[in-house]
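The values are calculated or read from the model by the stated rules, or taken from the named source; none is laboratory data. All values reported here derive from a predicted model rather than from experimental measurement. Glycine also receives a Cβ, built like all others from the backbone with ideal geometry; neighbour counts cover every protein chain displayed. Side chains included, ligands, DNA and RNA excluded: accessible areas come from the protein's heavy atoms. Shrake-Rupley method; radii C 1.70, N 1.55, O 1.52, S 1.80 Å.
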Amino acid sequence: MRYRVHTFITLIFFTFILISCEKIIIQPNESNQNIKDFEAAWERVNTVYPYLELKQINWNSMYLKYHPRAEQAYGDEIYTVLIEMLTELKDMHVHVKTEGGEYMPTYLMPRWIKDKYAFDPIIARNYFDQELIITGEGRIEYGIISGNIGYIFMATFDEDYLINYFSEALDYVKNTKALILDIRHNNGGSYQNIEAVVSRFISSPLEKPEFYVLGELIDLPPFQPRGSFQYLNPVVVLINGVSYSSGDFFPEIMKQISTVTVVGDTTGGGSSGSTSYARAEYRLPSGKMIFVGTTDLRRYDGKPWEWIGVAPDIRIPQTEEDINQGIDKQLEYAINFLK
Amino acid sequence: MKTKSQLLLLAFFLIVSNLIGQDSLKNKQVFPAGISIEYGLGKYSVRDEYISNEKYSGTLPNFSVGWSRFHNKHGYRLKLEYRRSTKISNNKISAEVKQFVFNQDFIYPIGKFLLFSKDVFVFLGPSMEIFIYNLEYDFVHHGSNLNADASGYMVSLGINSEFIYKLNTKLNIESFVRLNLLSVVSKEFDGNRYDESSPQLMTVVSATNIDFDLSIRYYVFKKLSVKAGYRLELTRINKWDPFISCSDNLIFSLTYKF
């Protein structure tokens with residue numbers, strides 16, 4: 001009987017310990033489209049990216065540099081090759097997206113990194129006697145500061161939050177003597193949301209700056225005044241290095257309006273983008289995706305703001321230390337300026 | 001490999017030690033109640049298709065503390081398990097995995113049967129489990145903002161079953177299995193591709209969590225026992241972008257009965 005117990009237990013242990021069930025249950029992925037993915041990604045950038053010449057990037061030399069690595073890449077090693085190759089563009093708009101949908105940026109702009117912790121909406125709220133009103137699914141906050149100065153914080157130009165909810169905020173502050181539009185840490189979004197805001201601050205048509213899609217100049221109609229009223233009192237637009245993409249574009253446009261002063265620190269500097277008919281999103285053979293801008297937005301002086309950003313009229317730098325001490329210098333300056 | 005050899009030697013040593021015929025026992029005396037601490041090490045593999053279709057594998061240690069108690073008619077067990085490793089990889093790409101598991105089991109004796117002329121005590125009961133995981137893939141370098149990560153959780157109701165084969169007053173062979181039946185599950189997925197809400201209620205067909213354990217327990221003293229064995233853990237979420245993880249572990253634990 002003892003012998004049967006020995007045998008039984010030993011067999012059970014050998015079976016489990018030596019088989020290694022995880023090898024049976026999860027099988028490795030057999031397909032390998034890494035070199036095809038590399039070729040497709042390189043070609044896509046070569047075809048559509050608008051700033052190779054501006055940034056003086058020899059894209060052919062990047063092929064020679066990364067192709068050998070792509071040939072030797074097995075499994076997920078191709079992600080490293082793709083990310084590092086696309087990092088050469090130094091463009092925060094350029095992403096890699098996994099088969100499942102996780103976004104991976106390839107680059108973070110220096111000013112974005114510098115100002116990442118230099119703004120906190122919670123600190124800004126301390127400057128109000130009453131709680132800010134929140135709308136637009138939390139993306140818009142507004143109120144009135146003592147001295148009858150309105151304040152609207154716009155966290156993003158994405159989706160249709162401003163198209164649908166900006167009017168509500170502007171209605172609330174319509175009788176203020178001045179207004180602060182705060183787009184610090186606004187990472188951008190759609191042209192249509194910018195239009196929804198700009199159209200409320202102009203009393204006559206405002207020409208749009210140059211806009212290229214795949215190298216072709218697109219004729220855009222000017223901004224038109226819209227809405228139940230135009231806000232023509234003094235406005236300060238607050239920006240910082242994390243204001244990016246449409247967060248660069250918005251202050252550039254608003255600077256053209258005589259009642260507007262832009263305060264803060266230079267924006268991040270990203271002027272490539274996407275349109276519905278020339279999408280930045282591009283699927284690689286394996287199902288991974290890359291995002292490479294197809295559009296080229298310019299400042300009113302005709303230059304892209306890529307890397308350069310939009311400088312404020314009045315530069316008020318702010319640091320993480322200021323925020324840690326509960327001080328929002330840029331907001332304080334804007335309030336005092338408008339008083 | 002060295003650990004496996006040592007375990008086999010330990011098993012043989014315990015088996016050839018004095019096997020004294022057992023007296024008739026109550027379930028309370030048989031069930032290994034008390035506070036336990038456990039360490040395990042073994043092979044681990046994972047694939048979360050939200051990030052990649054590639055299999056990542058390596059070693060993943062586990063640390064757990066537990067407490068179980070048996071009253072006259074039933075028992076219960078609480079267990080907290082934590083697992084973390086930066087030593088899983090796909091080719092030269094490494095990833096960090098973290099898992100946290102909390103279990104609560106209720107245990108009811110349902111009878112016994114004979115095996116090689118000795119009793120095998122059988123226990124069965126409902127279980128609750130919270131399983132949370134996080135994977136961070138180092139496509140660039142560890143800690144970079146340019147990497148990818150995925151996470152998810154599963155809160156489950158299920159059943160557990162335990163078999164205790166009392167070889168003698170000092171030696172048990174124990175086997176345990178826990179299976180979820182119904183779970184509230186959430187994991188990362190691309191909202192543009194799946195027009196569904198999260199979390200979702202899922203049956204074992206879509207969300208599976210199995211723990212299986214086979215071990216030998218030796219009572220050093222009446223109140224102190226040591227256990228060595230094998231554990232298999234399998235977790236699978238077959239919804240959105242599927243997730244699967246599996247591990248084979250050698251486990252060692254110490255239990256003190258108070």
- Between the stretch B:22-86 and the stretch A:199-227, how many Å separate their Cα centres? 64
- Query: Within the P(r) computed for the stretch A:75-130, what percentage of the Cα pairs occupies the region above 14 Å?
  - Reply: 66
- When only C-alpha pairs under 8 Å and at least 6 residues apart count, what is the relative contact order of chain A, in percent? 18
- For the stretch B:179-250, build the charge dipole from Cβ charges (+1 Lys, Arg; -1 Asp, Glu) around the Cα centre, then report which of B:F212, B:F243, B:V184 sits farthest towards its positive end. B:F212
- Task: For helix B:2-16, report the angle its Cα long axis makes with the longest principal axis of the Cα atoms of chain B; keep it between 0 and 90° and round to the nearest 10°.
- Result: 20
- Query: Mind checking Rg over Rh on the stretch A:124-192, alpha carbons, Kirkwood formula for Rh?
  - Reply: 0.96
- Query: Using the Karplus equation 6.51 cos²θ - 1.76 cosθ + 1.60 (θ = phi - 60°), what ³J(HN,Hα) coupling, rounded to whole Hz, does each residue of the stretch B:232-238 give in order, writing x for Gly and Pro?
  - Reply: 10, 10, 10, 10, 9, 10, 9
- Note on the structure: Partner shielding of A:25-36, as the mean number of partner chain Cβ atoms within 10 Å, equals 3
- Using only Cα atoms, locate the centre of the stretch B:119-185 and the centre of the stretch A:249-311, then give the distance between them in Å, rounded to an integer. 48
- Over the stretch A:36-97, how many percent of alpha carbon pairs lie in each 10 Å bin up to the one with the longest distance? 21, 60, 18, 1
- For the peptides B:172-182, A:91-101, what is the packing order when you average, over each peptide's residues, the other Cβ atoms within 10 Å and list the highest mean first? A:91-101, B:172-182
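I'd like to compare A:258-267, A:28-37, A:192-201, A:227-236: which one has the highest average count of other Cβ atoms within 10 Å, and what's the full order after that? Before the final figure, lay out each step's value.
Values: A:258-267: 21.8, A:28-37: 14.7, A:192-201: 20.1, A:227-236: 16.4.
Descending mean neighbour count gives A:258-267, A:192-201, A:227-236, A:28-37.
Mind checking the alpha-carbon convex hull of the stretch B:146-258 and giving the volume per residue in Å³? All intermediate terms of the calculation are to be shown ahead of the outcome.
Numbers: hull volume 15.4 nm³, N = 113.
Spread over its residues, the Cα hull of the stretch B:146-258 gives 136 Å³ apiece.
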- Message: What translational diffusion coefficient, to the nearest whole µm²/s, does chain B have by Stokes-Einstein, given a Kirkwood radius computed over alpha-carbon pairs, a temperature of 25 °C and 0.890 mPa s viscosity?
- Response: 125
- Message: Give me the inter-chain shielding for A:97-110: mean count of other chain Cβ atoms within 10 Å, whole number please.
- Response: 6
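Largest first and in whole Å, give the semi-axes of the stretch B:70-190's equivalent ellipsoid, each being the square root of 5 times a Cα gyration tensor eigenvalue.
Working: eigenvalues 311, 63, 23 Å².
Here the semi-axes work out to 39, 18, 11 Å.
Before we go on, tell me the buried accessible area for the B/A pair, both chains summed, 1.4 Å probe, in Å² to the nearest 100. Each step should come with its number before you reach the end.
Details: alone 13560 and 17030 Å², together 26320 Å².
Counting protein atoms only, the buried area is about 4300 Å².
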- For chain B, modelled as a Gaussian network with Cα springs under 10 Å, which listed residue fluctuates most, B:N160, B:N53, B:N134? B:N53
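Which number do you get for Rg(Cα) / (2.2 N^0.38 Å) in the stretch B:29-106?
1.46
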- Query: Kirkwood hydrodynamic radius of the stretch A:53-168 from all distinct Cα pairs, in Å?
  - Reply: 18.2
- Per 5 Å bin, what percent of the C-alpha pairs of the stretch B:130-202 does each bin hold, from zero upward? 3, 12, 13, 13, 13, 11, 10, 9, 6, 5, 3, 1, 0
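Quick check for me: using +1 on Lys/Arg Cβ and -1 on Asp/Glu Cβ, what's the dipole size of the stretch B:145-258 about its Cα centre, in debye to the nearest 20? Don't skip to the answer; put the middle values down first.
Numbers: 13 positive and 12 negative charges, 201 e Å.
Using Cβ point charges on Lys, Arg, Asp and Glu, the stretch B:145-258 gives about 960 debye.
Of all DSSP beta bridges located in chain A, what percent are antiparallel, nearest 5? Spell out each step's value before the answer.
On the way: 27 of 44 bridges.
Of the beta bridges lying entirely in chain A, close to 60 percent run antiparallel.
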- Comparing B:R217, B:R236, B:R193 in a Gaussian network model of chain B (Cα, 10 Å), the one with the largest mean-square fluctuation is B:R193
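Based on alpha-carbon atoms only, what is the radius of gyration of the stretch A:239-283 relative to the globular estimate 2.2 N^0.38 Å? Before the final figure, lay out the partial values.
Details: Rg = 13.2 Å, N = 45, 2.2 N^0.38 = 9.3 Å.
Computed over Cα atoms of the stretch A:239-283, the ratio equals 1.41.
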- Helix-only CD estimate at 222 nm, as mean residue ellipticity for chain A, using -39500 (n - 2.57) per DSSP H run (n ≥ 4): -10000 deg cm²/dmol
- Task: Can you quote the Å³ per residue value for the convex hull of the Cα atoms in the protein assembly as shown, rounded to an integer?
- Result: 183
- Task: Work from the charge dipole of the protein assembly as shown (Cβ charges, +1 for Lys and Arg, -1 for Asp and Glu, about the Cα centre) and give the residue of A:Y161, A:I122, A:I202 farthest towards its positive end.
- Result: A:I122
- Task: Please find, in a Gaussian network model of chain A (springs between Cα atoms separated by less than 10 Å), the residue of A:M154, A:M85, A:M104 whose mean-square fluctuation is greatest.
- Result: A:M104
- Take the Cα radius of gyration of chain A and divide it by 2.2 N^0.38 Å, with N its residue count; two decimals is plenty. 1.29
- Lysine-lysine proximity count for the stretch A:157-313, Cα under 21 Å, sequence distance 8 or more or distinct chains: 5
- Could you give the accessible area per residue of chain B, probe 1.4 Å, as a whole number in Å²? 45
- Query: How large is Rg over Rh for the stretch A:108-147, taking Rg from the Cα atoms and Rh as the Kirkwood inverse mean of 1/r across Cα pairs?
  - Reply: 1.10
- the stretch B:126-197, dipole about Cα centre (Lys/Arg Cβ +1, Asp/Glu Cβ -1), debye to the nearest 20: 540
- DSSP loop chymotrypsin sites (Phe, Trp or Tyr not before Pro) in the stretch B:203-256 with at most 16 other Cβ atoms within 10 Å of their Cβ, which ones? B:F221
- Item | Partner chain coverage, peptide A:291-302 - average Cβ within 10 angstrom | 0
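About its Cα centre, what dipole magnitude does the stretch B:193-258 give when the only charges are +1 on Lys and Arg Cβ and -1 on Asp and Glu Cβ, stated in debye to the nearest 20?
Values: 9 positive and 7 negative charges, 126 e Å.
So the magnitude is around 600 debye.
Quickly estimate the mean residue ellipticity at 222 nm for chain B, helices only: each DSSP H run with n ≥ 4 gives -39500 (n - 2.57), and the total goes over all residues, rounded to 500. Before the final figure, lay out the partial values.
Values: 2 runs with 19 residues, N = 258.
Helices in chain B give a 222 nm mean residue ellipticity of -2000 deg cm²/dmol.
What's the carbon and sulfur percent of the stretch B:101-204's accessible surface, probe 1.4 angstrom, rounded to a whole number? Can you show the working numbers first?
Details: 2750 of 4400 Å².
Its accessible area is 63 percent carbon and sulfur atoms.
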